[in-house]
Amino acid sequence: MKPAIDVRVGNILRLDGKVCKVLSQEVKGTGKSGKMVHVKVRFYGEGNLADKSLRSDERVEECELQHVKMQYSYKDGEQFIFMNLESFEQFSLPAALVGRQEVFLKENMEINMEFIDGKPVNIAFPEIAELEVVSAPPPLGGDANYKEAELENGLKILVPQFVKSGDRIRVTVENLAYLERVTTKSLSSAPAKQPQAPKA
């Protein structure tokens, strides 16, 4: 247990009997008894956000988060099945917990899963995914800045007009949004070294 005044962004707490992650924290008020701690949290297993106000001296329970390397096996109805790579024990997560990010799961891929009290509560997806554009219309006329493109995992998102089929782009996993196009600089574009004249 810790006083609410010591709560920081990223802390894992148990509030109202539910486990949540602190996304933002702000202290308002003056004096020891008048200060209030306002936090925005995301509840594990539900994904919904909530705003909470706590007295500065109120005690809150901090939970310990364990990261375990898992392998995604398959989807069975509304359950996603994962296997612990060390113990080979299987765990299932409901689709509601996985959320929209299920499009980033591929069979046999390895991914970190977050556990609390021995139970899985969240998949630690990477912040950014790199994917190929499999279908994109030609640039649209007029004042349009974006167009819809389909990616290799079936996800359809808005991309800039210059993105075309075959391009690789980076997407933010949390909000499923276009970030940038992947470009590679050709080594042949580097200026060639001029041969030096032999010394006399």
- Item | Candidates L151, L176 - the one that is modelled with pLDDT under 95, surrounded by 10 or more Cβ atoms within 10 Å (Cβ to Cβ) and either under 18 Å from the mean Cα position of the chain (by Cα) or not charged (D, E, K, R) (or both) | L176
- Task: Only residues that are of a type in the set (G, A, S) and closer than 17 Å to K21 by Cβ: list them for region 97-126, please.
- Result: G99, A124
- Per the filter on region 20-39, residues over 18 Å from the mean Cα position of the chain (by Cα) and surrounded by 16 or more Cβ atoms within 10 Å (Cβ to Cβ) are Q25, K35, V37, V39
- Top-ranked residue in region 1-28 [being outside any strand (DSSP E or B) and in contact (Cβ under 8 Å) with a residue 24 or more places away in the chain; ranked as farthest from N122 (Cα to Cα)]: I5
- Message: So in region 102-148, with the set limited to residues that are touching a Ser or Thr at 6+ places or on another chain (Cβ under 9 Å) and under 23 Å from E86 (Cα atoms), which one is surrounded by the most Cβ atoms within 10 Å (Cβ to Cβ)?
- Response: P120
- Message: When you check R55 against the structure, is it out of contact with any helix residue (DSSP H, G or I) (no Cβ under 7 Å at 6 or more places or on another chain) and among the basic types (K, R), yes or no?
- Response: no
- Set Q71, Q101, Q90: member being under 19 Å from N48 (Cα atoms) and outside the structural domain of F43 (by TED's automatic domain parsing): Q101
- Go through region 48-82 and give me each residue that's farther than 25 Å from P3 by Cα and part of a loop (DSSP other than H, G, I, E, B). G77, E78
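The values are calculated or read from the model by the stated rules, or taken from the named source; none is laboratory data. Remember, predicted model here, so these are calculated numbers, not experimental data. We place every Cβ from the backbone using ideal geometry, glycine too, and count neighbours over all the protein chains shown.
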